[in-house]
Amino acid sequence: MKKLILMTAVLALSAGVATAQTVRMGTEGAYPPYNFINDKGEVDGYERELGDKMCELAGLTCEWVTTDWDSIIPNLLSGNYDTIIAGMSITPERGEVVDFTQNYIPPAASAYVGLKADANIGGRVSAQVGTIQADYVAQSGATLLEFATLDDTVAAVKNGEADAVFADKDALLPFVAESMGEFVWAGEEVQLGGGVGMALRKTDTELRDKFDAVITTLKADGTINALITKWFGDEAVLF
Amino acid sequence: MFASCADPKTLEGLNWLLCYLTTGKQVLFYQSFLTVLTLIAITAPIALAFGFGGALAARSHVAPLRWVGKGYTAMVRGVPDIVFFLFVPVALDQGLEWIRHKTLCPEWTAPVRQGSDFVVCAAAKLPLSSSPQSVHEIYGFVLAIIAFSVVFGAFAANVLYGAMQAVPQPQLETAEAYGMSRRQVSRRILIPQMWVYALPGLSNLWMILIKATPLLFLLGVADIVYWARELGSRKSAIYDFPHPDWRLWYFLVLLVFYLAMTKVSEVVLRRVTARLTRGQATMAGEAMRKAGA
C-alpha cells in the first residue's frame, strides 16, 4: 500500500514536471505595439498577451526574456531561450537557420515615413538592422542607414540624417499619429515577408508543433483577430 | 509605488514627474547603477590577478609557461572586444553544458551539434530552463565578469609586463650580487618597484573598464546605458507615462555619473601613486625625497 502511494506520488510529481515545462520566450522589448517594456518594467504588448494565451492553452509555463535584436537568433541557437516572439517576419533566409510556426500576424504592409509626403525615398533611408525592411532598402537602390533599434531609425529622420525611415507600418503608426503633423507617410506601401511568426530551433519540432496547433486554435476562435484589433487598431489586417 | 500614482493620466506637473520617476522601470534603471558598480568592483581585482599571472608567465624562464603568457596577451589583445564578448561566454556556457550533458544524460544518443543548433538534454541546461529569471541573470552576470576579466586581464598583463621591464636593471643586478635567488629578486625587488610604472597604464584600463559596461547587454544583462536609451526614447500613448524623446536628459545623468566616477578614480589614483612613489628611484620619488629632506 505504502509503495502504491509512493508510486502515485512519484507519478503525480513527474507528471507535474512534464506538464509544467518551462519555455523561455525571447523578445526585443523595443518594438511597440508588438512588444515593449511597460512602465512596470515588464514585457508587454500584442506578443506578450498572445504568448501568454498560447502558453496557457498549451499547458506551458512561460518566462519572458529580452535581448538585443542583433543577437536574437544566435541566443536562440545557443539555447538561452526557446522561442523568438519579437515581430519577426517569416522569410526564406531566416528559415534556413530557424524554424517558424505559422504566422500569427498576417502579411502586413511596410511603409516609408518622412518629414514631408514627397520625401526622397530613393535617397538616404533608415531601417533597423537585420530586418526585411533593411534588405528591401538595400535592394531598392537607396542608401541604407542601419540602426540598432526602431527608435533610432525614426530619430535619424527627425534630425535630418535620413530622408525617410522604412519599417512595419503598424510600428510606425504611433510615431505618425502622435507627431502632430511632423511625420507623414511617404511613397507607396510595400508588402514584405510572409507575416510574423514565432521562431524556434530546428531541433525543437515538438514544441513548434505544439505552438502551431495552438495558433490554429486561436485563429479559429477569433482570439487572434480580437488581439490584433486591440493592439493595432481597427484598420489592421485580420485573418 | 505611491497610491496616488494609480492613474497616471490624471496627474500633472510635479506629481506626474514624481510618479514617473518611481515607476518599476525607473527603479530598474537605478538598480542598474548598482549592477555596473558591482561588476567593476569584482572584475577589477580579478583582471589584475589575471594580468599579474600573465605578466609573470610571460617573463618566465620555462618556455611553455612563457608561451602561455605571451599567447594569452597576444590573442586577447588582437581580437576585437565585441567578438570576444560573444565568444567567451558562449563557449564557456556551451562547454559547461556539454560536460553536464555527458555526465547527467549518458543515455542521450542524439548529437549535441545539429546544424547550427546546440542541443543538450533539459537536465544539463545551465541554468535550468525552469529556474527563475533572476538565476539566469546572475549566471549571465558571472559569465560577464569572467569575460571582462579575461579581456582586461590581457591588457593588464601587458601593462605589468612593461612595468616589470621598466624597473632599473642595476636594482636587480645589485640584488643578485647580494646573493638573492631569482624568486627572491622578483618578490623583494622587482614586484614592489614595478607598480609605480604600471599605474598610469592600469588607471587607463580602469577608466576604460568603467565605460565598457554597455557590452553587458550582449549577455542579456541590462546596464545603465541600455536603460537610459530605453527609458529616454520617445514613449507613445501606449505607455502609462508618454513623453517625447528624453534621451538627452538620461544621457546627461550618465554623463554626471561617469564624470563623478572619473573624479573619484583620479583622487584615489593620485593617493595610490603618491604612496607607491615614496622611496622609488624615479623622478617623482626623488622629488619627494628632496621635498622631505
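How many residues are crowded, with 19+ Cβ neighbours inside 10 Å and at the interface with another protein chain (Cβ under 8 Å from one of its Cβ atoms) if we restrict to the range A:18-37?
So in the range A:18-37, the residues crowded, with 19+ Cβ neighbours inside 10 Å come out as A:23-37.
Then keep just the ones that are at the interface with another protein chain (Cβ under 8 Å from one of its Cβ atoms); that gives A:23-24, A:29-30, A:32-33, A:36-37.
So the count comes out to 8.
If you check B:L219 against the conditions, is it crowded, with 19+ Cβ neighbours inside 10 Å and within 11 Å of another protein chain (Cβ to nearest Cβ)? If you could, list the steps in order and put the result at the bottom.
Details: crowded, with 19+ Cβ neighbours inside 10 Å: yes; within 11 Å of another protein chain (Cβ to nearest Cβ): yes.
Yes, satisfied.
Could you check A:I132 against (1) within 11 Å of chain B (Cβ to nearest Cβ); (2) hydrophobic (A, V, I, L, M, F, W, C); (3) in contact with a Ser or Thr (Cβ under 9 Å, 6 or more places away or on another chain) and say which number it fails?
Going through the list (1) within 11 Å of chain B (Cβ to nearest Cβ); (2) hydrophobic (A, V, I, L, M, F, W, C); (3) in contact with a Ser or Thr (Cβ under 9 Å, 6 or more places away or on another chain), A:I132 breaks only (1).
Which numbered condition trips up B:Y197, out of (1) open to solvent by less than 60 Å² (accessible area, probe 1.4 Å); (2) touching a residue at least 12 places away in the same chain (Cβ under 8 Å)?
Result: B:Y197 fails condition (1) only.
Being more than 9 Å from chain B (Cβ to nearest Cβ) and part of a loop (DSSP other than H, G, I, E, B) is the filter here; which residues of the range A:45-92 pass it?
Residues satisfying the conditions are A:G59, A:L60, A:W69, A:I85, A:A86, A:G87, A:M88, A:I90, A:T91.
Considering only the range A:128-239, give the strands (runs of 3 or more DSSP E) lying wholly within it that have at least 2 residues that are free of Cβ contacts under 8 Å to residues at least 40 places away in the same chain. Even if it seems obvious, please write down each step before you answer.
Working: elements: A:143-147, A:164-168, A:184-191.
Those strands (runs of 3 or more DSSP E) span A:143-147.
Only residues in the range B:145-173 that are within 11 Å of B:M194 (Cβ to Cβ) count as the first member; pair them with residues that are open to solvent by 10 Å² or more (accessible area, probe 1.4 Å) and of a type in the set (K, R), Cβ under 8 angstrom, at least 6 apart or cross-chain, and list the lot.
B:Y161/B:R59; B:M164/B:R59
So if I check each of B:G162, B:G179, B:G153, which one is closer than 30 Å to B:P127 by Cβ and either over 16 Å from the mean Cα position of the chain (by Cα) or crowded, with 22+ Cβ neighbours inside 10 Å (or both)?
Numbers: B:G162 fails: closer than 30 Å to B:P127 by Cβ; B:G179 fails: closer than 30 Å to B:P127 by Cβ.
Within the list B:G162, B:G179, B:G153, the selection yields B:G153.
Per-residue answers, yes or no, for (1) on the phi < 0 side of the Ramachandran plot; (2) open to solvent by less than 20 Å² (accessible area, probe 1.4 Å); (3) assigned to a helix (DSSP H, G or I); (4) modelled with pLDDT under 90:
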site: B:Y226; (1), (2), (3), (4): yes, no, yes, yes
site: B:A237; (1), (2), (3), (4): yes, no, no, yes
site: B:D245; (1), (2), (3), (4): yes, no, no, yes
site: B:L252; (1), (2), (3), (4): yes, no, yes, no
site: B:V256; (1), (2), (3), (4): yes, no, yes, no
site: B:V264; (1), (2), (3), (4): yes, no, yes, no
site: B:A291; (1), (2), (3), (4): yes, no, yes, yes
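Give me the residue from the range B:60-73 that is open to solvent by less than 70 Å² (accessible area, probe 1.4 Å) and assigned to a helix (DSSP H, G or I) and, out of that set, farthest from B:L48 (Cα to Cα). Even if it seems obvious, please write down each step before you answer.
Here is the first cut: in the range B:60-73, the residues open to solvent by less than 70 Å² (accessible area, probe 1.4 Å) are B:60, B:63, B:69, B:71-73.
Those still in the list that are assigned to a helix (DSSP H, G or I) too: B:63, B:69, B:71-73.
Working: B:A63: 23, B:G69: 14, B:G71: 17, B:Y72: 14, B:T73: 13 Å.
Looking at the filtered set, the residue picked out is B:A63.
Quick check on this structure: which one of A:K116, A:K158 is within 14 Å of another protein chain (Cβ to nearest Cβ), more than 23 Å from B:L218 (Cα to Cα) and surrounded by fewer than 21 Cβ atoms within 10 Å (Cβ to Cβ)?
Details: A:K116 fails: within 14 Å of another protein chain (Cβ to nearest Cβ).
The unique qualifying residue is A:K158.
Tell me, which residue of the range A:97-113 that is more than 21 Å from A:L144 (Cβ to Cβ) and within 14 Å of chain B (Cβ to nearest Cβ) is least open to solvent (accessible area, probe 1.4 Å)?
A:V98
For the range A:171-202, enumerate the residues that are away from chain B (no Cβ under 12 Å), more than 30 Å from B:V119 (Cα to Cα), open to solvent by 10 Å² or more (accessible area, probe 1.4 Å) and out of contact with any Ser or Thr (no Cβ under 6 Å at 6 or more places or on another chain).
A:G181, A:V184, A:W185, A:G187, A:E188, A:E189, A:Q191
Please enumerate the residues belonging to the range B:107-125 that are assigned to a loop (DSSP other than H, G, I, E, B), of a type in the set (G, A, S) and closer than 18 Å to B:A91 by Cβ.
Quick first cut of the range B:107-125, residues assigned to a loop (DSSP other than H, G, I, E, B) only: B:107-112, B:115-116, B:119-121, B:125.
Remaining after also requiring of a type in the set (G, A, S): B:110, B:115-116.
The one that is assigned to a loop (DSSP other than H, G, I, E, B), of a type in the set (G, A, S) and closer than 18 Å to B:A91 by Cβ: B:S116.
Show the residue pairs meeting these rules: Cβ distance below 8 Å; 6+ apart or different chains; first residue within the range A:27-39 and part of a strand (DSSP E or B); second residue among the acidic types (D, E) and modelled with pLDDT of 90 or more.
As it stands, the answer is A:T27/A:E47; A:N35/A:E28; A:N35/A:D44; A:N35/A:E47; A:F36/A:D44; A:I37/A:D44, since those pairs meet every condition given.
Inspect all residues belonging to the range B:264-275 and state whether any of them is away from every other protein chain (no Cβ under 14 Å) and acidic (D, E). Working first, answer last.
Residues of the range B:264-275 that are away from every other protein chain (no Cβ under 14 Å), as a first pass: B:264-275.
Imposing the further condition that a residue be acidic (D, E) reduces the set to B:266.
The answer is yes, given that some residue of the range B:264-275 is away from every other protein chain (no Cβ under 14 Å) and acidic (D, E).
Of the residues in the range A:44-67, how many are surrounded by fewer than 18 Cβ atoms within 10 Å (Cβ to Cβ) and either within 20 Å of A:A148 (Cα to Cα) or of a type in the set (S, T, N, Q) (or both)?
1
Return the residues of the range B:88-143 that are open to solvent by less than 70 Å² (accessible area, probe 1.4 Å), closer than 28 Å to A:R94 by Cβ and of a type in the set (G, A, S); say none if nothing qualifies.
Residues satisfying the conditions are B:A91, B:G95, B:A110, B:S116, B:A124, B:S129, B:G140.
How many residues are part of a helix (DSSP H, G or I) and open to solvent by less than 40 Å² (accessible area, probe 1.4 Å) when one looks only at the range B:1-51?
Let us first name the residues in the range B:1-51 that are part of a helix (DSSP H, G or I), namely B:3-5, B:8-10, B:13-21, B:24-51.
Narrowing further to those that are open to solvent by less than 40 Å² (accessible area, probe 1.4 Å): B:5, B:8, B:19-20, B:24-26, B:29, B:32-33, B:35-36, B:39-40, B:43-44, B:47, B:51.
The number of residues fulfilling the criteria is 18.
The values are calculated or read from the model by the stated rules, or taken from the named source; none is laboratory data. No experiment lies behind these values; they were computed from the predicted model shown. Virtual Cβ from ideal backbone geometry, glycine too; neighbours counted across all protein chains shown. Accessible surface areas use protein heavy atoms only, side chains included; no ligands, DNA or RNA. Shrake-Rupley method; radii C 1.70, N 1.55, O 1.52, S 1.80 Å.
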